[in-house]
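The values are calculated or read from the model by the stated rules, or taken from the named source; none is laboratory data. Being a predicted model, the structure only gives us computed values, none of them experimental. Positions of Cβ are backbone-derived with ideal geometry, glycine not excepted, and every protein chain shown enters the neighbour counts. Protein only, heavy atoms only, side chains kept; ligands, DNA and RNA dropped before computing areas. Shrake-Rupley method; radii C 1.70, N 1.55, O 1.52, S 1.80 Å.
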Amino acid sequence: MNEDEVPCTPLSPEEVRPDFPQLNRRIGDYPLAYLDNTAATLKPRQVIEAIDHFYATCPANVHRGIHTLSEEATDAYESSRKRIAAFIHAPRESELIFTRNTTEGINLVADCWARRRLKPGDEVLVTVMEHHANLIPWQIVTEATGATLKFARLHPSGQLDLDDWYSKLSERTKFVSMPQVSNVLGVINPVKTLTAAAKAVGATVLVDAAQSVPHMPVDVVDIGCDFLAFSGYKLLGPFGIGGLWGRYELLDAMPPYQTGGSMIHTVTLEKTTFADPPQRFEAGTPSIADAVGFAAAIDYLTNVGMDRLHQREIELSKYMHERLAEIPGLRILGEYFEGKPGIASFDLAYAHAHDVAQFLSDEGVAVRAGHHCAEPLHHEFNSESTSRASLYLYNTEAEIDQLIAGLGTVREIFG
Ligand code: PLP
């Protein structure tokens, strides 16, 4: 074994927990057990300090001023783009557009790419497991263009029915969009294989990576897709900022999403020519401090190591699923599989998901209740709502035990 092959040490939550001030909180008499990471993660002090440092030193506007503070702000903003692009292995940093979130990235592609190309007879293929962010833009765009929206179905296990997916892919398929990881089922879709098949029929492919980029190594070149969207606040970063990666040739062929300052080449009273990507898609003053915080989060994850993070999460996910299986009357949407990410959406035969979340909160456990912006998926499982426990690098076995104890209380009261 040469030096490069020395196995990395497993990630221990104790290594990272001191970085998260929120973990010192108590909820009533209980320590906080934050198990709502699919919705939003906690923030390490390195991210908070990076944002604080930006405001304390150079809170000037970017790309405009020829003065020190503006130059420093521009450097901070563009260096953030570079580090985030490198994290997903983008061939060019100019392929990374700052958005508000995954939703905005998908809408941008639906509007600026798909809407301009789709026509009656064309098809867009998505799946039944979509988050609304990767469903509604395609409903709107197919309705506006006369194209048809198709849905690949799921097996009862929650896995994508690949036979059904392939049967719906044809020469008519012009756009394919899919999640890499489901925010409800924790299912990991074989996006590389599906992208290759979609490209073979000439379709353009978007990957909704909101739940994959934070939790596993993601390489856009390896996947082979055309667009990939994700959010900063789901990977230790601030709210209000996300990333859309797109192949440069495609971005360059797209019109702007919004217009105004910062996205122009030349303007006369009658006509405007637009800047090259990524500026073409970043109209107006951007969220500079949030971009800085986003990159600080990426640096943090890079230092931890995404392979280590992923392995730790899989291990803890197994423990969570084993413990949840002990609770009578508890059903998890989607079957457990080896290597399942840390997501368990469950319902209880005797208590409503909102009551469950409330009783758990009373014992310090933060989970989410509802349909998690995946209403059609819940209907597929004859469910209106579930409680969802979801993990990240700082979570511990003790916090899972706290969840199980809380579910014991729910059972005493409702069961
Ligand atoms: N796609 C998936 C799979 C998600 O889990 C989410 C958010 O939870 C989104 C898209 C939308 O993300 P955002 O609200 O950051 O736009």
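A few notes on this one:
- Here Ile241 clears all of (1) within 30 Å of Tyr166 (Cβ to Cβ); (2) of a type in the set (A, V, I, L, M, F, W, C); (3) under 13 Å from the mean Cα position of the chain (by Cα); (4) crowded, with 23+ Cβ neighbours inside 10 Å except the condition numbered (1).
- The residue of segment 190-207 that is nearest to Ala344 (Cα to Cα), among those that are open to solvent by less than 10 Å² (accessible area, probe 1.4 Å) and in contact (Cβ under 8 Å) with a residue 60 or more places away in the chain, is Leu206.
- Extreme residue, nearest to the ligand (Cβ to nearest atom), among residues of segment 182-241 that are more than 20 Å from Arg368 (Cα to Cα) and among the polar types (S, T, N, Q): Asn189
- Qualifying residue in segment 69-76 (condition: over 22 Å from the mean Cα position of the chain (by Cα), at pLDDT 95 or above, closer than 19 Å to Gly240 by Cβ and crowded, with 17+ Cβ neighbours inside 10 Å): yes
- Annotation note: of Thr102, Thr173, Thr148, the sole residue that is at pLDDT 95 or above, open to solvent by less than 30 Å² (accessible area, probe 1.4 Å), away from the ligand (no atom under 16 Å from the Cβ) and not aromatic (Phe, Trp, Tyr) is Thr173.
- Qualifying positions in segment 20-68 - under 22 Å from the mean Cα position of the chain (by Cα) and part of a loop (DSSP other than H, G, I, E, B): Phe20, Leu35, Asn37, Thr38, Ala39, Ala40, Thr41, Leu42, Lys43, Pro44
- Note on segment 357-369: residues that are open to solvent by 10 Å² or more (accessible area, probe 1.4 Å) and either within 17 Å of Val187 (Cα to Cα) or touching a residue at least 12 places away in the same chain (Cβ under 8 Å) (or both) total 9.
- Restricting the first member to segment 94-123 and to residues that are within 26 Å of Ile241 (Cα to Cα), and the second to residues that are of a type in the set (Phe, Trp, Tyr) and surrounded by fewer than 22 Cβ atoms within 10 Å (Cβ to Cβ), the beta-carbon pairs closer than 6 Å and six or more apart or on different chains are Glu95/Tyr248; Leu108/Tyr257; Cys112/Tyr257.
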